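Following: one structure in structure tokens, then a few remarks.
The values are calculated or read from the model by the stated rules, or taken from the named source; none is laboratory data. Remember, predicted model here, so these are calculated numbers, not experimental data. Every residue, glycine among them, receives a Cβ derived from its backbone with ideal geometry; neighbour counts consider all protein chains shown. Protein only, heavy atoms only, side chains kept; ligands, DNA and RNA dropped before computing areas. Shrake-Rupley method; radii C 1.70, N 1.55, O 1.52, S 1.80 Å.
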Amino acid sequence: MKKIVSIVILSLLLVACGKTEIASLNTVSNIEELNTAIKDAKPGDNIVLANGTYKDFEIKFTGEGTEDKPITLKAETAGKVFIEGESSLEISGDYLEVSGLFFRNGHSPKTNVIAFRTSAKDVANYSKVTNCVILDFNNLERDQDNLWVQFYGKHNELSNCYIAGKTNGGPTVRVDLKGNQSIRNFHKIVNNHFGPRPRKGGARGETIQLGSSFTSMSPSNTTIANNLFEECNGEVEIISSKTNFNIIKNNVFYKSEGSVVTRHGNYVTVDGNYFIGDGVNDQYGGIRIINTGHWVINNLFYKIKGKNFRSPIAIMNGIPKSPLNRYNQVTDVVVAYNTFVDSDSPWQFGVGTNIAQADVLPKSEIRSARPLRTEVVNNVIYNSVGDANPIIEHDKADGVTFKSNIIYNNSVKIENSHGLISKELTLTDIGTDLSVPTSGYDDVEIYNGFDFKTITEDLLGNSRSKSNQIGAIVNSGSVNLDLLDKSKYGTDWYSNVVGAKDPTTHTVANTSELVAKLKAAESGDIIALTDGVFNISESLVVDKTITIQSKGNSEIIFEGAANTPAFSLNPYGKLTVKNIKLKGNGSNYAFASLKENMSNHFGLEVVDSEISNFNYALRVYKQAYSEEITFKNTAISNCENGIELSEETNDRGDYNTEYLSINNCNFDNVKQNVVDYYRGGYDESTIGGNLLITNSTFTNCGAKEKNKRLLNHNGIVNVNINNNTFKNNNVKFVSILWGAKNNVESENTVTNSGQIKTEENLVMTLMY
């Protein structure tokens, strides 16, 4: 009744003002009603999707609004319209707006979740998606690549959204420039909260990608501004700019394992951004520079410890006469007015040079073209702990101009200063857990390069025209930032802040109780086994974070069918096993992922336990992925196979776990695949895998290993094998290390077990 009265009053007012065109308000509750409302919509109309859950809901929103009268599609109550199952949203036309939708519990049946087009020719212009959430809306397989938001057309906007949890391949957001209707597009990606994107364990995990290699010579003019990027760890590139004239401004990159990368294309401005690390994690990155004409100005790098590709400023070597999809030489770049606080070796030049690998790479892949006509000027470096190498030259930086740069280095001598001016500086608090030097260098003459007059503001928006100085911040008195106030970003109705929950401990005394409590327990709970034997005939499904433990006198005997696991590690299943004896029948598995539909990550930690008489101690299938797998103080004996993570054989850089740690374990009579951990292909988009084997003993293992190698870790970038004992293992090699990468061994005892060998350059499959 109130709605009717409101419409009548509005109609009278419009007639009284001489306007006879009346916007409609149309509430719909199913796809048929929605399609009819869209078909009949006129400029200014509002289509309201009633509160509820809509499953397998494919929306095609088309129409012709106007600048002052857009056509809107919105939730009746923002956050109470749930789009689930196989669902998607496509938009084409002019001046269309979508708001308040929540995509969850499903995936798109198409190549995108939200697309600013409905066909190759029908694109959206001047349209907006705002105040929406996409959460864990993943395809069922990691290799089923798709995009969550795909831009086409011109002048479109993604704003005030929360987007998080993408685990399958493909950028979270991409701007496409295929066709004249999408070039020089002036899209805006603003005020969003890009929440955690877990490590993907391979390439194709960017959060935002602007264009592609083959449209990299086209102007995009896309703006990415005022967004929070939180734990965006998919791969080495958080933002991958592959087009021209983009602006990346006033964003916060918080504990994100990657960098802003000018991957292809030219003339990108990276201005006034905050890169915030924790002073410990050496994967948190800054800005990596490739190609021509970029301006990197007014940025703050705070406790960024990333190295090489992830260093605070990484300026790469290029490939002479590079094809579009590789690495063009850096030329005519400006790095000015930036501040670096407690960030290791913040300036690195010639990153990616691979001249030493010329024997195993084709000439077309050798990155030997050093940066030219590049200016690194007016910057401030502050080191609480002195850094002898604030500037690293992987190749000569002879094409770089260094002027008016200062450093406080706590009296530590600098090996390669390139004219850095030493100053005594102090830190000033500018916000919660954020301190920077803002004064003490007024006497340093500012370097005025070509067009520097266009740098009119500092990091905080203060004018540089009145009282300019070097560094990101002009000294302007008290500052109190709250960069991590999440209410400033994303939707006005959703928060990813979750309160701490104390785990509940469930004590079980028999198998039926174990099965029931495992199913009923909440994520984070603990299941405590009493002393005794638990005979299990069906796999225990782990689809949440759970701990199963005992006081050391509990035994699980798995009597299940051949090739089935005692513990089935499902998506979201993170299992910790403590003080358990686990026995099989020789043909089944102790732990295994699903063979298919691993739409999200799993995790496994085995501590103070015994695993025996299994076909596999652990089997991880293709497209399954765990960020961490740990075996500690555990014995694995009399198993046909040990720890198997080698099915990602596509040689595109994919692998099954980021961290495999084996500490103080005993392997006895494990016949093959004792430790098998594989990553193939020359790919640099990820950390590259981490294997730590320490303080462990391997005895009488590898008798059936076909390649006569006890530890297989082909292509894994970070390998540390130390303080282990290898005795009577019938193999030719304990390990073959990749010398060009971070593969090391030390203090191992090898008796009648072959040798540990290092090959400087392994031959790998080229990905490009």
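Some points to look at:
- Taking the charge dipole of the chain about its Cα centre, with +1 at Lys and Arg Cβ atoms and -1 at Asp and Glu Cβ atoms, the residue from LEU692, ASN664, THR118 reaching farthest to the positive side is THR118.
- For the range 281-397: rounded, prolate or oblate by the Cα gyration tensor [a/c cutoff 1.5]: prolate
- Electrostatic tally near ARG117: other residues with Cβ closer than 12 Å to its Cβ, Lys and Arg +1, Asp and Glu -1, net +2.
- Partner aspartates and glutamates whose Cα lies under 14 Å from the Cα of LYS121, excluding those fewer than 8 positions away in the same chain, are identified as GLU90, ASP94, ASP176.
- For a straight C-alpha distance cut-off of 13 angstrom, the aspartates and glutamates reachable from LYS741 (same-chain residues fewer than eight places away being disregarded) are ASP683, GLU684, GLU759, GLU760.
- Along the axis of the charge dipole computed for the chain (Cβ charges of +1 for Lys and Arg, -1 for Asp and Glu, origin at the Cα centre), the listed residues THR530, LEU540, SER609 are led at the positive end by LEU540.
- Between ASN723 and ASN180, the modelled label-to-label distance comes to 6.9 nm, taking each label 7 Å out from Cα in the direction of the beta carbon.
- Solvent-accessible ranking of SER368, SER92, largest area first, probe 1.4 Å: SER368, SER92
- Shown for the range 655-768 is the translational diffusion coefficient from the Stokes-Einstein equation, using the Kirkwood radius over Cα pairs, a temperature of 37 °C and a viscosity of 0.692 mPa s: 232 µm²/s.
- Which of PRO437, ILE716, GLY52, positive extreme of dipole for the chain (C-beta unit charges): ILE716
- Residues of the range 684-718 with an amide N closer than 19 Å to a point placed 7 Å from the Cα of LYS307 along the Cα-to-Cβ direction: 684-694, 715-718.
- When Rg and the Kirkwood radius Rh are both evaluated on Cα atoms of the range 66-118, their ratio Rg/Rh stands at 1.01.
- Heavy-atom accessible surface of the range 417-478: percent carbon and sulfur, 1.4 Å: 44
- Square roots of five times the Cα gyration tensor eigenvalues for the range 108-164, Å: 21, 16, 7
- In angstrom, the C-alpha Rg and Dmax of the range 97-230 are 13.8, 38.
- Between GLU759 and ASN638, the C-beta separation translates, for a Förster distance of 35 Å, into a calculated FRET efficiency of about 0.60.
- Sequence-distant contacts, meaning Cα pairs under 8 Å at least 6 residues apart, place the relative contact order of the range 674-768 at 30 percent.
- Extension gain for SER24-SER467 works out to 154.1 nm (0.36 nm per residue, less the C-alpha to C-alpha distance).
- Along its three principal directions, the equivalent ellipsoid of the range 356-468 from the Cα gyration tensor extends over semi-axes of 31, 20, 14 Å, largest first.
- Computed 3J(HN,Hα) for the range 143-159, one whole-Hz value per residue from the Karplus formula 6.51 cos²θ - 1.76 cosθ + 1.60 where θ = phi - 60°, is 7, 7, 5, 7, 10, 8, 9, 10, 8, 9, x, 9, 6, 9, 9, 10, 9, glycine and proline marked x.
- On the range 269-318, 43 percent of the accessible area sits on carbon and sulfur atoms, based on a 1.4 Å probe.
- Pairs from LYS583/LYS757; LYS704/LYS757; LYS249/LYS363; LYS305/LYS732; LYS110/LYS178; LYS200/LYS732 whose Cα-Cα separation, in the structure shown, is over 30 Å: LYS583/LYS757; LYS249/LYS363; LYS305/LYS732; LYS200/LYS732
- ASN669 versus GLU415: modelled label distance in nm, points set 7 Å from Cα along the beta carbon direction: 5.2
- For the range 419-480, the solvent-accessible area with a 1.4 angstrom probe is 57 square angstrom per residue.
- Stretch gain in nm, segment ALA500-LEU481, where the contour uses 0.36 nm per residue and the Cα spacing is subtracted: 4.2 nm
- Once the Cβ-Cβ distance of GLU627 and SER537 is raised to the sixth power relative to R0 = 35 Å, the FRET efficiency obtained is 0.65.
- Relative contact order [Cα under 8 Å, 6+ residues apart], the chain, whole percent: 6
- DSSP finds beta bridges in the chain, and of those with both partners inside it, around 5 percent are antiparallel.
- Additional length obtainable on full extension of the chain from LYS551 to ALA356, 0.36 nm per residue less Cα span: 64.8 nm
- Cα-based equivalent ellipsoid, the chain: semi-axes from gyration tensor eigenvalues, Å: 45, 38, 24
- Accessible-area value, SER182, 1.4 Å probe, nucleic acids and ligands omitted, Å²: 0
- Here the label points at LYS121 and SER213, each 7 Å from Cα along the C-beta direction, are separated by 3.1 nm in the simple model.
- Calculated FRET efficiency, VAL280 to LYS42, Cβ-Cβ distance, R0 = 60 Å: about 0.55 to the nearest 0.05.
- Rounded to the nearest 20 debye, the dipole size of the chain about its Cα centre is 960 debye, using +1 on the Cβ of Lys and Arg and -1 on the Cβ of Asp and Glu.
- Most to least accessible of ARG464, ARG104 (protein chains only, probe 1.4 Å): ARG104, ARG464
- Of all accessible heavy-atom area on the range 36-145, the percent that carbon and sulfur account for (1.4 Å): 44
- Counting lysine pairs in the range 368-522 that sit 8 or more residues apart in sequence, or on different chains, and whose Cα atoms lie under 20 Å apart gives 7.
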